[in-house]
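The values are calculated or read from the model by the stated rules, or taken from the named source; none is laboratory data. What you are looking at is a predicted structure, and each value in this text was computed from that prediction instead of being measured. Virtual Cβ from ideal backbone geometry, glycine too; neighbours counted across all protein chains shown.
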Amino acid sequence: MRTRKLLFAAIGAVVVLLAGVGIVIVLRSGPDEPAPAAVPSAGRPAVPYTPPASADPVPSAGTDITGPLDLLVVGVDTRVSIPDWQPHADAVMVLHIDAGLKSGYLYSLPRDLRVDVPAFAANGYGGGRRKLTEAMSAGAKVPGTDKADVAQGYELLARTISDYVGIDGFDAGAILTFSGLSRLTDALGGVTLKIDQKVVSQHRRPDGTARTLRSGGGGYVGPQATYLPGTRKLVGWQAIDYARQRYTAGGDYTRQRHQRQLVRALLTQAMGAGLPADQAGVQTILVALGDTLVFSGDRSPIEYAYALRDLDPSRLTLVGLPGDSVSSNGRYIGEQLTPTGRGFLKAMAASRPGPYLEDHPELINK
């Protein structure tokens with residue numbers, strides 16, 4: 001079985017896959033997270049990345065990393081201020097990179113997808129049919145304590161997803177904090193994103209500060225940050241805020257699409273700056289992330305960066321998998337993929353996503 005590498009940090013609720021260029025992101029945040037600073041960004045200041053005057057010499061570490069690669073990206077809601085709260089996977093993305101490491105496919109799985117979660121010896125969980133988001137919390141429980149082990153939760157979640165999508169396992173997976181994504185975006189000098197529909201923030205004011213919780217619960221009050229259609233330059237807190245909104249036309253499936261779009265936009269930003277082949281530049285990004293990223297494994301992010309230096313964002317196909325709600329006795333219990341969505345997973349497992357998408361072009365996000 002292929003070696004798994006886990007990039008892990010357990011604060012906040014944003015997960016970034018820093019496999020190589022470090023730009024695959026999913027995001028969600030809860031009411032217990034700290035509000036960002038006003039424009040330009042949340043988190044501590046970061047210096048925008050500036051490409052080197054010369055690309056010579058290039059580092060050789062990572063040249064032996066070959067594809068195909070399957071990478072798992074999970075957004076976790078930790079809500080650390082709530083006693084006995086177990087982390088939930090609120091956004092799940094899978095990035096498949098083709099054998100030549102120049103192209104790939106990025107798709108999302110609904111957080112409420114009904115799946116079979118396997119038994120987990122690490123904490124005695126017996127397995128069962130649950131929402132995908134709950135696989136993380138089931139694995140994260142530590143017997144005899146109210147503490148959560150998010151790395152342990154990731155392990156069960158990864159097993160659950162690999163079983164569901166029909167692959168042997170993931171080559172890498174990552175967790176980065178809420179503030180980490182802001183630092184990453186700002187270290188790249190912001191991100192240019194083509195916004196495809198009007199999105200009104202439930203969580204942030206136009207200056208980036210948090211909206212006020214309504215007395216007694218039930219939402220927020222105060223002015224709202226608004227993102228209008230068109231090509232926009234976003235700073236860190238704006239990128240997070242835009243891509244986490246699900247109370248908009250299309251609901252959570254729209255949020256998944258916006259997250260995939262942000263992934264490609266950040267990749268485009270990094271690739272355009274020549275970052276992957278620049279060892280010093282990648283180190284600048286890692287310094288900007290600071291303690292929001294912890295890496296363990298036999299290969300470093302710098303090595304992955306160099307291995308993926310020729311990944312072309314324009315050849316990263318964004319795939320939206322359609323789903324339907326599932327009810328039991330008139331009560332909503334989750335989501336299920338349509339036959340067309342499940343067919344894509346079978347085609348991917350059989351290494352035939354291209355022909356399948358030719359027959360089902362409606363799955364491709366333009």
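The set of residues in the range 87-131 being of a type in the set (S, T, N, Q) and within 22 Å of the chain's Cα centre (by Cα) consists of Ser103, Ser108. Is it the case that Ala243 is under 23 Å from Thr192 (Cβ atoms), surrounded by 18 or more Cβ atoms within 10 Å (Cβ to Cβ) and either of a type in the set (A, V, I, L, M, F, W, C) or at pLDDT below 75 (or both)? Yes.
So for the range 204-214 (the condition being modelled with pLDDT under 90 and in contact with a Lys or Arg (Cβ under 7 Å, 6 or more places away or on another chain)), does at least one residue qualify? Yes, the range 204-214 contains at least one residue that is modelled with pLDDT under 90 and in contact with a Lys or Arg (Cβ under 7 Å, 6 or more places away or on another chain).
What pairs come out if I take residues in the range 349-366 that are more than 21 Å from Ile167 (Cα to Cα) and pair them with residues that are among the polar types (S, T, N, Q) whose C-beta lies under 6 Å away, six or more apart or interchain? Correct list of pairs: His360/Thr340. Restricting the range 304-343 to residues that are assigned to a loop (DSSP other than H, G, I, E, B) and under 17 Å from Ile364 (Cβ atoms), the residue that is modelled with the lowest pLDDT is Asp312.
Looking across the range 133-150 at every residue that is touching a residue at least 60 places away in the same chain (Cβ under 8 Å) and either under 20 Å from Val115 (Cα atoms) or β-branched (Val, Ile, Thr) (or both), the one that is surrounded by the most Cβ atoms within 10 Å (Cβ to Cβ) is identified as Met136. Only one entry in Thr209, Thr226, Thr160 is under 19 Å from the mean Cα position of the chain (by Cα) and touching a residue at least 12 places away in the same chain (Cβ under 8 Å), namely Thr160.
Applying the criterion of being in contact with a helix residue (DSSP H, G or I) (Cβ under 8 Å, 6 or more places away or on another chain) and modelled with pLDDT of 85 or more to the residues of the range 171-198, the residue that is farthest from Gly67 (Cα to Cα) is Gln197. Does Ser201 satisfy the criteria of being modelled with pLDDT under 85, buried (at least 22 other Cβ atoms within 10 Å of the Cβ) and over 27 Å from Ile65 (Cα atoms)? Answer is no for this residue.
To keep it simple, each residue is scored yes or no on (1) touching a strand residue (DSSP E or B) at 6+ places or on another chain (Cβ under 6 Å); (2) surrounded by 17 or more Cβ atoms within 10 Å (Cβ to Cβ); (3) part of a loop (DSSP other than H, G, I, E, B).
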| residue | (1), (2), (3) |
| --- | --- |
| Gly217 | no, no, yes |
| Pro223 | no, no, yes |
| Lys233 | yes, no, no |
| Ala249 | no, no, yes |
| Thr254 | no, yes, no |
| Arg260 | yes, yes, no |
| Leu267 | no, yes, no |
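Residues of the range 235-247 that are of a type in the set (Phe, Trp, Tyr) and either out of contact with any Pro (no Cβ under 7 Å at 6 or more places or on another chain) or assigned to a strand (DSSP E or B) (or both): Tyr242, Tyr247.
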